[in-house]
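The values are calculated or read from the model by the stated rules, or taken from the named source; none is laboratory data. What you see is a predicted model; the values in this text were computed from it and never measured. Cβ coordinates were reconstructed from backbone atoms using ideal geometry, including for glycine residues, and neighbour counts include every protein chain displayed.
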């Protein structure tokens with residue numbers, strides 16, 4: 001009987017493991033949020049580290065292998081991950097469901113026209129919407145729906161986890177907004193247009209980018225213009241993502257008397273950003289400290 005009991009436990013354990021929804025996400029942020037919703041009923045992996053530029057990812061066979069056995073592939077969408085279709089095709093996983101999480105997002109900076117002279121402009125708008133934590137509710141709703149399509153019996157479990165997380169997140173949002181309220185209207189320069197949703201949420205005034213156009217390296221002429229703009233405009237800080245070269249930003253800061261700060265765009269972008277909430281904690285604390 002003991003052997004039979006052990007055998008049955010092994011079978012049940014195996015069934016539970018096989019019942020887990022296998023998810024791959026593009027960004028580490030999405031992996032964190034998916035794990036919060038799915039708990040022990042999902043297995044989650046991701047492609048892009050937080051210290052990597054999500055726009056440009058070298059396609060590797062190992063990424064295709066990750067997708068080969070996955071049920072879901074969650075992407076930010078809006079052409080952030082132009083490399084993703086190649087990985088999907090290479091996985092040869094005909095059962096894979098690709099989920100674009102941007103469907104319900106109110107999109108910013110949707111261009112009226114797109115051509116090569118504008119740099120790397122996204123046709124469907126700025127894709128960095130996850131940096132406004134108010135959009136996490138929409139993201140989690142899509143994640144719950146996607147997981148529930150694969151495992152309908154677990155839908156209530158997913159929804160309960162999502163609501164629990166959102167209750168905590170809402171409290172943090174109120175805390176972050178209170179900390180940043182005195183800084184509303186403060187002028188900043190960013191390296192890339194990563195911070196439009198973040199700035200819209202907090203009332204920051206992004207006056208320019210170190211990149212003259214998205215994806216274009218800063219030129220000496222543009223750098224000189226920014227130095228003058230900082231000197232005349234009371235610009236509080238230059239915000240740089242962890243994966244961009246800081247040299248041009250630091251040149252501007254030294255010449256014009258401002259600060260360069262690194263903010264994390266994704267989980268793992270800095271050591272302190274171990275999950276989505278700690279990433280936002282780090283960003284808010286770094287900003288408030290820089291503006292003192």
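Per-residue answers, yes or no, for (1) modelled with pLDDT under 95; (2) under 18 Å from residue 143 (Cβ atoms):
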{"residue": "61", "(1), (2)": "no, no"}
{"residue": "65", "(1), (2)": "no, no"}
{"residue": "81", "(1), (2)": "no, yes"}
{"residue": "87", "(1), (2)": "no, no"}
{"residue": "90", "(1), (2)": "no, no"}
{"residue": "96", "(1), (2)": "no, yes"}
{"residue": "102", "(1), (2)": "no, yes"}
{"residue": "109", "(1), (2)": "yes, no"}
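Of the listed requirements (1) crowded, with 18+ Cβ neighbours inside 10 Å; (2) in contact with a helix residue (DSSP H, G or I) (Cβ under 8 Å, 6 or more places away or on another chain); (3) touching a residue at least 40 places away in the same chain (Cβ under 8 Å), residue 204 misses just one: (3).
Residue 56 satisfies every condition listed in (1) within 15 Å of the chain's Cα centre (by Cα); (2) modelled with pLDDT of 95 or more except (2).
Checking each residue in the range 244-273 for being surrounded by 15 or more Cβ atoms within 10 Å (Cβ to Cβ), within 18 Å of the chain's Cα centre (by Cα) and modelled with pLDDT of 95 or more picks out 262, 263, 264, 265, 266, 267, 268, 269, 270, 273. If residue 56 satisfies all but one of (1) surrounded by fewer than 16 Cβ atoms within 10 Å (Cβ to Cβ); (2) closer than 25 Å to residue 152 by Cα, what's the number of the condition it fails? Unmet condition: (2). For the range 210-243, the candidate set comprises residues that are assigned to a loop (DSSP other than H, G, I, E, B) and buried (at least 18 other Cβ atoms within 10 Å of the Cβ); within that set, the residue that is modelled with the lowest pLDDT is 218. Evaluating residue 48 against the criteria (1) at pLDDT below 95; (2) under 24 Å from residue 278 (Cα atoms) leaves one unmet condition, (1). Scan the range 249-264 and tell me whether some residue there is assigned to a loop (DSSP other than H, G, I, E, B), out of contact with any strand residue (DSSP E or B) (no Cβ under 6 Å at 6 or more places or on another chain) and not assigned by TED's automatic domain parsing to the domain that holds residue 133. Within the range 249-264, one or more residues are assigned to a loop (DSSP other than H, G, I, E, B), out of contact with any strand residue (DSSP E or B) (no Cβ under 6 Å at 6 or more places or on another chain) and not assigned by TED's automatic domain parsing to the domain that holds residue 133. Report yes if some residue within the range 167-185 is touching a residue at least 12 places away in the same chain (Cβ under 8 Å), assigned to a loop (DSSP other than H, G, I, E, B) and either within 21 Å of residue 292 (Cα to Cα) or not assigned by TED's automatic domain parsing to the domain that holds residue 53 (or both); otherwise report no. Yes, there is a match, as at least one residue in the range 167-185 is touching a residue at least 12 places away in the same chain (Cβ under 8 Å), assigned to a loop (DSSP other than H, G, I, E, B) and either within 21 Å of residue 292 (Cα to Cα) or not assigned by TED's automatic domain parsing to the domain that holds residue 53 (or both). Which one of these does residue 271 not meet: (1) over 23 Å from residue 211 (Cα atoms); (2) in a helix (DSSP H, G or I)? Every listed condition holds for residue 271 apart from (2).
Checking each residue in the range 178-198 for being surrounded by fewer than 16 Cβ atoms within 10 Å (Cβ to Cβ) and in contact with a helix residue (DSSP H, G or I) (Cβ under 9 Å, 6 or more places away or on another chain) picks out 179, 181, 182, 184.
Please verify whether residue 131 is modelled with pLDDT of 95 or more, buried (at least 17 other Cβ atoms within 10 Å of the Cβ) and under 13 Å from the mean Cα position of the chain (by Cα), treating the condition exactly as stated. Yes; evaluated as a whole, the condition is true for this residue.
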